[in-house]
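Have a look at the structure below, then the notes.
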Amino acid sequence: MYRKELYVFDGDKPRSAVIRNYTQADFAELIQIQAESFPPPFPSELWWNEEQLTNHITLFPEGAICVEVEGELAGSMTGLLVAFDPQHPDHKWEEITDNGYIRNHDPAGDTLYIVDICIRPGYRKLRLGHCMMQAMYELVVQKGLKRLLGGGRMPGYSRYAQQWTPEEYLARVIEGEVKDPVLTFLMRCGRTPVKVVADYLEDEESLNYATLMEWKNPFHSNETQA
């Protein structure tokens, strides 16, 4: 299984951290982190429950990771494998993740799909999301997958919806005119936008829109990326 020891920086101060696979012993804390990371108006029924977390560590434990900072659990990221068709990219979060239960995990899939990422608010300046994303990129390379993929919320869009379409908003985020808390973060992590998807997830701030965000395995030849 996966375990990486590293240092993260709080300003100029190094702090010891560990990225590892989460286990049943972490469940209560993981659910608490979800509550802190996704407060209202995000629907509480979309926070993890124990059945979902049990499926994560049973069906695809490699895709269930968390990060500790000086012994305290500070965040998590979860994925599953899917067979993704770039010619038919539109989908809903609940469909592709089985509502977070990942019973549709496909061991033969070519794409690592990110189900969820959350960081405790008090730890969000330590670049823990970047560190966990890097761990997932390493998993993509290790398994010889084509890509990492996931839908990025667009929480800044609701402020501009009267003047821009979702696609226009995304274009301005890409141009640097607007900073979106999620999309800009994912771009900083190395992911690139694929397209805007409507009705992706019940999310008032994003007006239910999301942007599919991809990281292609650089060790795959161009011919195999389609």
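The values are calculated or read from the model by the stated rules, or taken from the named source; none is laboratory data. No experiment lies behind these values; they were computed from the predicted model shown. Neighbour counts are summed over all protein chains in view; Cβ atoms, including those assigned to glycine, are modelled from backbone coordinates with ideal geometry.
The set of residues in segment 87-116 being out of contact with any helix residue (DSSP H, G or I) (no Cβ under 6 Å at 6 or more places or on another chain) and hydrophobic (A, V, I, L, M, F, W, C) consists of Trp93, Ile96, Ala108, Ile114, Val115. Scanning segment 100-117 finds one or more residues that are part of a strand (DSSP E or B), modelled with pLDDT under 95 and buried (at least 20 other Cβ atoms within 10 Å of the Cβ).
Just so you know, in segment 186-207 the residues that are surrounded by fewer than 18 Cβ atoms within 10 Å (Cβ to Cβ) and either assigned to a loop (DSSP other than H, G, I, E, B) or among the aromatic types (Phe, Trp, Tyr) (or both) include one that is modelled with the lowest pLDDT, and it is Glu202. Kindly evaluate Asp180 against the criterion of being surrounded by fewer than 16 Cβ atoms within 10 Å (Cβ to Cβ) and of a type outside the set (Lys, Arg). When the stated conditions are applied, Asp180 does not pass them. Restricting segment 63-98 to residues that are within 25 Å of Arg127 (Cα to Cα) and surrounded by fewer than 16 Cβ atoms within 10 Å (Cβ to Cβ), the residue that is nearest to the chain's Cα centre (by Cα) is Glu72.
Highlighted here are the strands (runs of 3 or more DSSP E) found entirely within segment 1-80 that include at least 1 residues which are touching a Pro at 6+ places or on another chain (Cβ under 6 Å): 3-10, 13-21. If the condition is being buried (at least 16 other Cβ atoms within 10 Å of the Cβ), of a type outside the set (A, V, I, L, M) and touching a strand residue (DSSP E or B) at 6+ places or on another chain (Cβ under 9 Å), then segment 1-28 contributes Tyr2, Arg20, Asn21, Tyr22, Asp26.
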